[in-house]
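Engineer: Sending over a structure as structure tokens; questions will come in a sec.
The values are calculated or read from the model by the stated rules, or taken from the named source; none is laboratory data. No experiment lies behind these values; they were computed from the predicted model shown. No Cβ is skipped: glycine too gets one built from the backbone with ideal geometry, and neighbour counts run over all protein chains shown.
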Amino acid sequence: METTVWQEFNQDIIVVGISNTSNAGVINNFVNENSLTFPILYDPGSPGGVQGGDTYDDYYMPNDGSPYPRDFIIDQSGVLQYANNEIDTEWMLYVINELIGNNCNDWINGDINNDSSINILDIVNIVNIILEIYIPNECEQLASDLNVDSTINILDIVLIVNIILGTH
């Protein structure tokens, strides 16, 4: 959760952990041991242990093992879009990208900054990617690889220049 979801999307989403203990020492140890930077909240009504609390009761999901962890994605309108007893990072990322409009299918090849215009800014972006000054996300990577050879290089820059000049 920390690196794959929170650190990747912390400008676009809110991540919170919900604990069933109000013992600050236990929570702080867990946060430190796992290098967490997203907030951890206390589940009111929790007697501690695995009995849960108010939030747990609202979102109870039966399973054969421990009642924790639970992963939920709630959209901007408060509608539950994802719930799982096990971590399924790939599916979580798909749901998050859909919710924040980061669907790569909507991107145009060559429009690396996704501003609906292929221009010099896209060339600057692709040069920064080639020089490893900037690490692209999945959509930027796909939009940068114009010749679809799985390598971003000068050939892709030439194709962008041709698009800009109208000679493609």
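Engineer: Tell me which of these Thr167 doesn't satisfy, since it passes every other one: (1) under 27 Å from Thr3 (Cα atoms); (2) part of a loop (DSSP other than H, G, I, E, B); (3) among the β-branched types (Val, Ile, Thr).
Structural biologist: Of the numbered conditions (1) under 27 Å from Thr3 (Cα atoms); (2) part of a loop (DSSP other than H, G, I, E, B); (3) among the β-branched types (Val, Ile, Thr), the odd one out for Thr167 is (1).
Engineer: Further question on the same structure: Do we find that Gly78 is exposed (fewer than 14 other Cβ atoms within 10 Å of the Cβ), over 14 Å from the mean Cα position of the chain (by Cα) and modelled with pLDDT under 75 in this structure?
Structural biologist: Here the answer is no, as Gly78 does not meet what is asked.
Engineer: Which condition from (1) surrounded by 15 or more Cβ atoms within 10 Å (Cβ to Cβ); (2) among the aliphatic types (A, V, I, L, M); (3) in a loop (DSSP other than H, G, I, E, B); (4) more than 21 Å from the chain's Cα centre (by Cα) is the one that Ile112 breaks?
Structural biologist: Only one criterion in (1) surrounded by 15 or more Cβ atoms within 10 Å (Cβ to Cβ); (2) among the aliphatic types (A, V, I, L, M); (3) in a loop (DSSP other than H, G, I, E, B); (4) more than 21 Å from the chain's Cα centre (by Cα) is unmet by Ile112, namely (4).
Engineer: How many residues does region 69-98 hold that are part of a helix (DSSP H, G or I) and touching a residue at least 60 places away in the same chain (Cβ under 8 Å)?
Structural biologist: Of the residues in region 69-98, 4 are part of a helix (DSSP H, G or I) and touching a residue at least 60 places away in the same chain (Cβ under 8 Å).
Engineer: What number of residues within region 27-46 are surrounded by 13 or more Cβ atoms within 10 Å (Cβ to Cβ) and not in a loop (DSSP other than H, G, I, E, B)?
Structural biologist: Looking only at that region, the number is 5.
Engineer: Within region 120-159, track down each residue that is among the hydroxyl-bearing types (Ser, Thr, Tyr) and closer than 25 Å to Glu98 by Cα.
Structural biologist: Tyr134, Ser144, Ser150
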